[in-house]
2 protein chains.
Amino acid sequence: MTAPRTQIARAEVLCRERGVRLTDQRRRVLEILCAAGRPVGAYEIMDAMREGPRVVAPPTVYRALEFLLEQGLIHKIESLHAFVGCDHPEHPHSSEFLICLECGGVAELKDDAVERSLASVTRESGFLPRRRVVEVMGICARCARKEACRRKEEAERSPGPVD
Amino acid sequence: MTAPRTQIARAEVLCRERGVRLTDQRRRVLEILCAAGRPVGAYEIMDAMREGPRVVAPPTVYRALEFLLEQGLIHKIESLHAFVGCDHPEHPHSSEFLICLECGGVAELKDDAVERSLASVTRESGFLPRRRVVEVMGICARCARKEACRRKEEAERSPGPVD
DNA sequence: GGTCGGCACGTTATAAGATATCATGGCGTC
DNA sequence: GACGCCATGATATCTTATAACGTGCCGACC
Ligand SMILES: [Zn+2]
Ligand SMILES: [Zn+2]
Ligand SMILES: [Zn+2]
Ligand SMILES: [Zn+2]
């Protein structure tokens, strides 16, 4: 994962290069997303922005999110109605996400095999792809380990019926 | 695509086998989804149900949808906030969808390559997958053909500037 | 310098999607 | 006939997202 500061700096550069404006509101939304390092809903972003100088309304947040999505600086996680900062915004892309049901963490993949297989199956059916949504819900490695430990300890303490 | 009638009949059998009840409300929702042959939102389903004997409220629809999802008789399309009947409900599964931005049509895939590549990349990172969401937005073959024809005719009528 | 147009943002209201909570009623068990 | 389970009814509320219209800044152009 990239440090939030770095992400903002990179975004500044990219926007300048592209001749688009990373305004205060837009930067603020991006900062909140990058600092969180996890998916954040639009209204949660709004609440976070209220901490700042002025109160904002939903359209303000959604407009900033729309801009950041267009510029490929963030992604939307459809299955969570939430947004995350992108780790590799240089070339806007669709991406794959692993979403932990336990801790809520999200990992952004960039897997050629998945992309290739999707590309080939769409091509076969004459379908022209524009945007991919690939989200896998499950248990992340860390939570799986934790769970395994918990179970083991429990078993040692009371070696009763095992399920 | 399977005929709506067949789909309902199959659902009846499956539910009986599994010892769960495909009640009137649940069957009605499934019928609406199968008859539509495209993604339908919960509130649209609700409106369709109002045509029938009694008025229903959102929880009724959502409860029916929850049941049908659990039984693998329908799928939810996350990026559309909508639901579709499943073409192969015998073995509940995650599936891949091709969604046309032009006509709104949805095709349910069942592609081993996509599944395998996803499985391998998750396994590598120690992630335990539970549910997959794979939705590709784009232009379906039919709409692409139509669009191509339209362009060609236009070009023949006025062979002006070509883009 | 004035005016015009585009863009970002503010403000209010509302649409669209989803759930919490409690009540009712059928139906099989004991 | 009392009890418990399950599906549904009914009401309210919550969350997510957008529509519509107004204001102010800023650079382009005359
Ligand atoms: Zn990314
Ligand atoms: Zn986790
Ligand atoms: Zn299916
Ligand atoms: Zn189409």
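No value in this document is a laboratory result; all are computed from the given coordinates. It should be emphasised that the depicted structure is a prediction, and the values quoted were computed from it without experimental measurement. Quick reminder, even Gly has a Cβ in these numbers, built from the backbone with ideal geometry, and neighbours come from all protein chains shown.
Taking R0 as 41 Å, what FRET efficiency do you get between A:A141 and B:V55 from their Cβ-Cβ distance, rounded to the nearest 0.05?
Values: r = 49 Å, r/R0 = 1.19.
With R0 = 41 Å, the Cβ-Cβ based efficiency is 0.25.
In whole Hz, what ³J(HN,Hα) sequence does the stretch B:76-90 give by Karplus (6.51, -1.76, 1.60; θ = phi - 60°), x for Gly and Pro?
9, 9, 4, 6, 10, 6, 8, 10, 9, x, 8, 7, 9, x, 4
Averaged over A:131-144, how many beta carbons belonging to a partner chain fall within 10 Å of each residue's beta carbon?
Details: counts 7, 5, 10, 8, 7, 13, 7, 7, 5, 5, 5, 2, 2, 3.
Whole-number average of other-chain Cβ neighbours for A:131-144 is 6.
Counting pairs of Cα atoms in the stretch B:18-82, how many percent are more than 17 Å apart?
Details: 681 of 2080 pairs.
So the portion of pairs separated by more than 17 Å is 33 percent.
When each copy gets a label point 7 Å from Cα toward the beta-carbon at A:R21, what are the spacings between them in nm, shortest first?
Going from nearest to farthest copy, the values are 6.1 nm.
How big is the gap, in Å, between the Cα center of the stretch B:131-147 and the Cα center of the stretch A:70-104?
21 Å
Going through the stretch B:94-157, which trypsin sites (Lys or Arg not before Pro) have at most 13 other Cβ atoms within 10 Å and a DSSP loop state?
B:K110
What list of ³J(HN,Hα) values in whole Hz, one per residue of the stretch B:27-37 in order, does the Karplus curve 6.51 cos²θ - 1.76 cosθ + 1.60 (θ = phi - 60°) give from phi, with Gly and Pro shown as x?
With coefficients 6.51, -1.76 and 1.60, one gets 5, 4, 4, 5, 4, 4, 5, 5, 5, 5, x Hz.
Net charge near A:E31, counting Lys/Arg +1 and Asp/Glu -1 over other residues with Cβ under 15 Å of its Cβ? Intermediate results must be reported in sequence, preceding the final value.
On the way: positive: A:R5, A:R10, A:R26, A:R27, A:R28, A:R38, A:R50; negative: A:E12, A:D24, A:E44, A:D47, A:E51.
Local net charge: +2.
Please list, in chain and number order, the residues 5+ apart from B:I77 or on another chain whose amide H is under 5 Å from its amide H, with Hs placed from the backbone.
For B:I77, whose amide H was placed from the backbone, the distant partners under 5 Å are B:A82, B:F83, B:V84.
Using just the helices of the protein assembly as shown, give the 222 nm mean residue ellipticity in deg cm²/dmol: DSSP H runs with n ≥ 4 each add -39,500 (n - 2.57), and the total is spread over all residues, rounded to 500. Before the final figure, lay out each step's value.
Details: 12 runs with 160 residues, N = 326.
It comes out at -15500 deg cm²/dmol, rounded to the nearest 500.
Nm distances between the label at B:E51 and the same-position labels in the remaining copies, 7 Å along Cα→Cβ, shortest first?
In ascending order, 5.1 nm.
Taking 51 Å as R0, compute the FRET efficiency from the Cβ-Cβ separation of A:T2 and B:V20 and round it to 0.05. Let's see the in-between values first.
Numbers: r = 48 Å, r/R0 = 0.93.
In this case the efficiency is close to 0.60.
Roughly what % antiparallel, to the nearest 5, for the DSSP beta bridges in the protein assembly as shown? Don't skip to the answer; put the middle values down first.
On the way: 29 of 39 bridges.
For the protein assembly as shown, the DSSP antiparallel bridge percentage is about 75.
Taking every DSSP beta bridge that has both residues in chain A, what percent is antiparallel when rounded to the nearest 5? Before the final figure, lay out each step's value.
Working: 9 of 14 bridges.
Antiparallel bridges make up about 65 percent of those DSSP assigns within chain A.
For peptide A:118-125, compute the average count of partner chain beta-carbon atoms within 10 Å of each residue's beta-carbon. Intermediate results must be reported in sequence, preceding the final value.
Working: counts 10, 1, 3, 9, 10, 0, 2, 5.
Across the residues of A:118-125, the mean count of other-chain Cβ atoms within 10 Å is 5.
Work out from phi, with θ = phi - 60° and the Karplus expression 6.51 cos²θ - 1.76 cosθ + 1.60, the ³J(HN,Hα) of each residue of the stretch A:91-101, listed in order in whole Hz, and give x for Gly and Pro.
Karplus values, whole Hz, x for Gly and Pro: 10, x, 7, 8, 9, 10, 10, 9, 10, 7, 6.
Average partner chain C-beta neighbours within 10 Å, per residue of A:15-25? Provide the component values of the computation, followed by the final result.
Working: counts 0, 0, 0, 0, 0, 0, 0, 0, 0, 0, 0.
For peptide A:15-25, the averaged partner shielding equals 0.
Sorted from shortest, what are the nm distances separating the label point of A:T6 from equivalent points in the other copies, each placed 7 Å from Cα along Cα to C-beta?
5.5
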